[in-house]
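Asks: Shown below is the structure under consideration.
The values are calculated or read from the model by the stated rules, or taken from the named source; none is laboratory data. Keep in mind that what you see is a predicted model, and the values were worked out from it rather than measured. FYI the Cβ positions are ideal-geometry reconstructions off the backbone, even for glycines, and counts take in every protein chain you see. These area figures cover heavy atoms from the full protein model, side chains too; ligands, DNA and RNA do not enter into them. Shrake-Rupley method; radii C 1.70, N 1.55, O 1.52, S 1.80 Å.
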Amino acid sequence: MLKLPLKIVNEDPLVLQGKIYLDYAYYVGPIATRFFTDLRDRGKFFGIRCGECGITYMPPRGTCGRCFGKLEEWVEVAPQGTVISHTITYYPSVCHPVKEPIVYAIVKLDGADTGLIHMLGDVEPSEAYSGMRVEAVFKEKREGNILDIKYFKPLR
Amino acid sequence: MKERVAIIGIGQTKQSYLKPEVNAEEMVNEAVRKAIEDARLSMKDIDAVVSGNIEFLEGHYQADCQFADGFGAWMKPGLAIQTGGCTGGSLVVAGTMLAASGLFNKVLVIGWQKMDATPFTGAINTTREPIYDRHLNVGAAAFLAARGIRYMEETGCPEEIASLSRALVSEGASRNPYTHINRRLTAEEVMKSRVIVWPVRFYHLAPTSCGAAALVLANESEAKKAVKKPVWIKDLVVVHRETSVYRGGAVEVSSSPDAVEKAATTLFKRNGIVNPRKEIDVWETYSPSSWYDMFDMERRHIAEKGQAWRLIEKELTRFDREIPWNPSGGVVCSNPIGASGMLRVLQAALQIRGEAGGHQVPKEVRLAQADAYGGTHWSEFFLLSKYLS
Amino acid sequence: MIERADGLRVDDSYYYITIPLHLEYKWAQGHYFETFLKGLKQGKILINQCPSCGRHQIPPINVCGRCHVEMGEWKEVGPRGTVFAFNIVVDPVYDSGIPGMREVPYTVAHIILDGAPDVTIYHELEEQDLSKLKVGMRVEAVFKPEKEREGLLSDIIYFRTVTEPE
Ligand SMILES: [Zn+2]
Ligand SMILES: [Zn+2]
């Protein structure tokens, strides 16, 4: 017997609503395994450096896009950094990790050459600015993913 | 084509059910490095990068946005392609056209799929039209089964033939270190595997695999300078028609004109091939189930309609016999979908080079036919040749 | 190794992250599809026919895919028909739209409806016994009671086997 999990949401013109609910599982690979393990177990940030191009990548990756070199040189970078750019999200969405308003920011950690995208906290949205000095605040119970960082707070 | 195009670099990863030791970008990187190395080039020599996979199977859309570093695409021109099961074929078509256009000398083509992330049947059913046929939820196997049932009814082919065909390709697969299921199987073992959708059994069906393939394509003048002997893409044909069951499609009452048959016929006619069975030295086809082997041989004019099962019965389709049918093991042995179509071209090229290894066919391979087709019903047919003219 | 309810097997000795992709879509049906679905609500299978080549389309759309002319005529077909191809689904299937597992077994079939010999409708059969299923067997659409119909393909519960004099 055919059952259809569809809902008529408009009669004329006819519009039907349906779901796609899928749960994917991603193996993060050796580089990200080390990055997330250090974040979770030691509360430390490790980037990876390309000696050829003189760039320290954060988050780390296995290949330098510029020279196509294989990257192996791990370097610790500071939990403090500088806001490169930011934006404020007011609209609600089921996809958002926390309640709005959310201050999203690209943070360049001290010692890294590329920016990490995350959120700012302990700050009035209107008071955030590019060039602001910030520091990572960790979750109490860390699980080994990017939300182990609760947010970056202003360095006072 | 304005410029002739050849394959000058080949790279592939081992294909397997899981690849938990790497992420998708790292997996692709392995194939890319191998292809560049095989062509004795560096990434600086590549003028454009074409990549593709089926996005919904990753649950990660537009992965090419994030993976430029590992793909070697950083600051290079190129494009990304998704045509479902035919993606691998479309990639080679696009790469060939870029190189043939005269705009790019050397093009890197990448096909990949990491299906260890995928809740497969749920994900592939999202390709079905949402109101009419999605919730019949039969996955890919049902179309193959319907075709198998009709083939038996129309030709008198016994059920065991599909299992024998699977056993025959396993002879090549067991000698191919890169393929996913490289177990040698007897027809009896295949017949004993469990029924998924009758008459399709577990071993009749393409597995879900992880893997990546990469090719370096070059135009004529560059190809002639290549370190290894180039494998020429002599011709290619693309044909499209509507998808699957929707509006009749795959199991239409009158399945004529059939897109695959049209592509094969055009390819052979245009290249003066009168007797494909005799003139083509190796076949690497997209046949996604052993139940499609007979049908696919007939659509490629290897046998008259309704007669292909007799070639399998006589075991002529083993990799070392008269009709080397999927000597690599084919899609039923390994199916990282976004790479599968490319692996057909890649395997045909290895055969022409004489570098296939254990499953190298025991004769000079001058002409090989490779193709990709799938649920999206793009059919891409390639004729590969050892000699330019 | 762990096996999830949706069939995905995960090697948990490696580091992995599970990410849900839960989305809801709204699909506009268009006039032709809507006419087909509203026909089902009245217990009729309405399809259209190409004025140029005579070809039928199930489900209907506005143009003929062969001649690219506008489809004009509506036509009631069925409810009886002939099985063209069938298969039985025996492996449990995860349906992302429920979301959950679809009950098995069930039989799906392509059916040539009386009045439209060049095209099939894709639906389920009541019969689940393989030995009783045959290509060429005669079947008939079984509609839901009128007040339970919604204007969806599921207004046809399934096709049941009918015996007809030769
Ligand atoms: Zn570098
Ligand atoms: Zn027409």
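Asks: So if I check each of C:D6, C:D12, C:D91, which one is under 28 Å from B:R150 (Cα atoms), touching a strand residue (DSSP E or B) at 6+ places or on another chain (Cβ under 6 Å), assigned to a loop (DSSP other than H, G, I, E, B) and away from ligand 2 (no atom under 16 Å from the Cβ)?
Replies: Of the residues listed, the single one that is under 28 Å from B:R150 (Cα atoms), touching a strand residue (DSSP E or B) at 6+ places or on another chain (Cβ under 6 Å), assigned to a loop (DSSP other than H, G, I, E, B) and away from ligand 2 (no atom under 16 Å from the Cβ) is C:D91.
Asks: Does B:A68 qualify as being open to solvent by 10 Å² or more (accessible area, probe 1.4 Å) and out of contact with any strand residue (DSSP E or B) (no Cβ under 8 Å at 6 or more places or on another chain)?
Replies: So B:A68 fits the description; yes.
Asks: Can I ask one more? Step by step: first the residues of region A:49-84, then only those that are part of a loop (DSSP other than H, G, I, E, B) and of a type in the set (A, V, I, L, M), then the one that is farthest from ligand 1 (Cβ to nearest atom). Which residue is that?
Replies: If we take residues in region A:49-84 being part of a loop (DSSP other than H, G, I, E, B) and of a type in the set (A, V, I, L, M), then A:A78 is farthest from ligand 1 (Cβ to nearest atom).
Asks: Moving on. How many residues are exposed (fewer than 15 other Cβ atoms within 10 Å of the Cβ) and aliphatic (A, V, I, L, M) when one looks only at region C:145-166?
Replies: Number satisfying all stated conditions: 1.
Asks: Mind listing just one residue for me: the one in region A:34-44 that is open to solvent by less than 50 Å² (accessible area, probe 1.4 Å) and assigned to a helix (DSSP H, G or I) and, of those, farthest from ligand 2 (Cβ to nearest atom)?
Replies: Ranking the qualifying residues of region A:34-44, first place goes to A:D38.
Asks: Could you say whether any residue in region C:5-16 is more than 22 Å from B:F56 (Cα to Cα), within 9 Å of another protein chain (Cβ to nearest Cβ), under 15 Å from the mean Cα position of the chain (by Cα) and without any contact (Cβ under 8 Å) to a residue 60 or more places away in the chain?
Replies: no
Asks: Here's another thing I want to ask about it. In region A:45-72, what residues are surrounded by fewer than 15 Cβ atoms within 10 Å (Cβ to Cβ) and either within 16 Å of ligand 2 (Cβ to nearest atom) or within 26 Å of A:F152 (Cβ to Cβ) (or both)?
Replies: The one that is surrounded by fewer than 15 Cβ atoms within 10 Å (Cβ to Cβ) and either within 16 Å of ligand 2 (Cβ to nearest atom) or within 26 Å of A:F152 (Cβ to Cβ) (or both): A:G54.
Here's the yes/no breakdown for (1) hydrophobic (A, V, I, L, M, F, W, C); (2) more than 10 Å from chain C (Cβ to nearest Cβ); (3) touching an Asp or Glu at 6+ places or on another chain (Cβ under 9 Å):
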{"residue": "B:P130", "(1), (2), (3)": "no, no, no"}
{"residue": "B:D133", "(1), (2), (3)": "no, no, no"}
{"residue": "B:V197", "(1), (2), (3)": "yes, no, yes"}
{"residue": "B:T208", "(1), (2), (3)": "no, no, yes"}
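Asks: Of everything in region C:108-144 that's part of a loop (DSSP other than H, G, I, E, B) and open to solvent by 70 Å² or more (accessible area, probe 1.4 Å), which residue is farthest from the other protein chains (Cβ to nearest Cβ)?
Replies: C:Q128
Asks: Here is a follow-up. Checking C:I19 against (1) farther than 30 Å from A:G144 by Cα; (2) open to solvent by 40 Å² or more (accessible area, probe 1.4 Å): exactly one of these is not met. Which one?
Replies: (1)
Asks: Hey, does region C:128-151 have a residue that's away from ligand 2 (no atom under 16 Å from the Cβ), of a type in the set (S, T, N, Q) and over 16 Å from C:F33 (Cβ atoms)?
Replies: Yes, some residue in region C:128-151 is away from ligand 2 (no atom under 16 Å from the Cβ), of a type in the set (S, T, N, Q) and over 16 Å from C:F33 (Cβ atoms).
One line per residue, one yes/no per condition, for (1) more than 12 Å from ligand 2 (Cβ to nearest atom); (2) in contact with a helix residue (DSSP H, G or I) (Cβ under 7 Å, 6 or more places away or on another chain); (3) away from every other protein chain (no Cβ under 12 Å); (4) not charged (D, E, K, R):
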position: C:I19; (1), (2), (3), (4): yes, no, no, yes
position: C:Y25; (1), (2), (3), (4): yes, no, no, yes
position: C:K44; (1), (2), (3), (4): yes, no, yes, no
position: C:P51; (1), (2), (3), (4): no, no, yes, yes
position: C:R66; (1), (2), (3), (4): no, no, no, no
position: C:E70; (1), (2), (3), (4): no, no, yes, no
position: C:R80; (1), (2), (3), (4): yes, no, yes, no
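Asks: Residues in region C:90-97: is at least one among the charged types (D, E, K, R), closer than 30 Å to C:N48 by Cβ and modelled with pLDDT of 90 or more?
Replies: No, because not a single residue in region C:90-97 is among the charged types (D, E, K, R), closer than 30 Å to C:N48 by Cβ and modelled with pLDDT of 90 or more.
Asks: Report whether or not B:R147 is open to solvent by 30 Å² or more (accessible area, probe 1.4 Å) and facing another protein chain (nearest Cβ under 9 Å).
Replies: yes
Asks: Within region C:35-44, can one find any residue that is more than 16 Å from ligand 1 (Cβ to nearest atom), over 22 Å from B:F120 (Cβ atoms) and either aromatic (F, W, Y) or at pLDDT below 85 (or both)?
Replies: Looking through region C:35-44, at least one residue is more than 16 Å from ligand 1 (Cβ to nearest atom), over 22 Å from B:F120 (Cβ atoms) and either aromatic (F, W, Y) or at pLDDT below 85 (or both).
Asks: Scan region B:50-61 and give yes if some residue there is open to solvent by 30 Å² or more (accessible area, probe 1.4 Å), more than 23 Å from B:V227 (Cα to Cα), outside any helix (DSSP H, G or I) and not aromatic (F, W, Y), otherwise no.
Replies: Yes, region B:50-61 contains a residue that is open to solvent by 30 Å² or more (accessible area, probe 1.4 Å), more than 23 Å from B:V227 (Cα to Cα), outside any helix (DSSP H, G or I) and not aromatic (F, W, Y).
Asks: Modelled with pLDDT of 95 or more, in a strand (DSSP E or B), under 22 Å from B:L311 (Cβ atoms) and open to solvent by less than 40 Å² (accessible area, probe 1.4 Å): which single residue out of B:W232, B:W283 fits that description?
Replies: That would be B:W283, the only listed residue that is modelled with pLDDT of 95 or more, in a strand (DSSP E or B), under 22 Å from B:L311 (Cβ atoms) and open to solvent by less than 40 Å² (accessible area, probe 1.4 Å).
Asks: Need a quick list: strands (runs of 3 or more DSSP E) entirely within region A:99-142 having at least 1 residues that are under 15 Å from the mean Cα position of the chain (by Cα) and either free of Cβ contacts under 8 Å to residues at least 12 places away in the same chain or farther than 26 Å from A:T56 by Cα (or both).
Replies: A:102-109
Asks: Identify all residues within region B:104-129 that are open to solvent by 20 Å² or more (accessible area, probe 1.4 Å) and touching a strand residue (DSSP E or B) at 6+ places or on another chain (Cβ under 8 Å); write none if there are none.
Replies: B:F104, B:N105, B:K106, B:T121, B:T126
Asks: Somewhere in region A:14-33, is a residue more than 9 Å from chain B (Cβ to nearest Cβ), assigned to a strand (DSSP E or B), of a type in the set (A, V, I, L, M, F, W, C) and within 16 Å of ligand 1 (Cβ to nearest atom)?
Replies: No, every residue in region A:14-33 fails to be more than 9 Å from chain B (Cβ to nearest Cβ), assigned to a strand (DSSP E or B), of a type in the set (A, V, I, L, M, F, W, C) and within 16 Å of ligand 1 (Cβ to nearest atom).
Asks: Ok, one more. Hey, any hits in region C:61-70 for a residue that's of a type in the set (A, V, I, L, M, F, W, C), buried (at least 22 other Cβ atoms within 10 Å of the Cβ), within 26 Å of A:D12 (Cβ to Cβ) and away from ligand 1 (no atom under 16 Å from the Cβ)?
Replies: No, region C:61-70 has no match at all.
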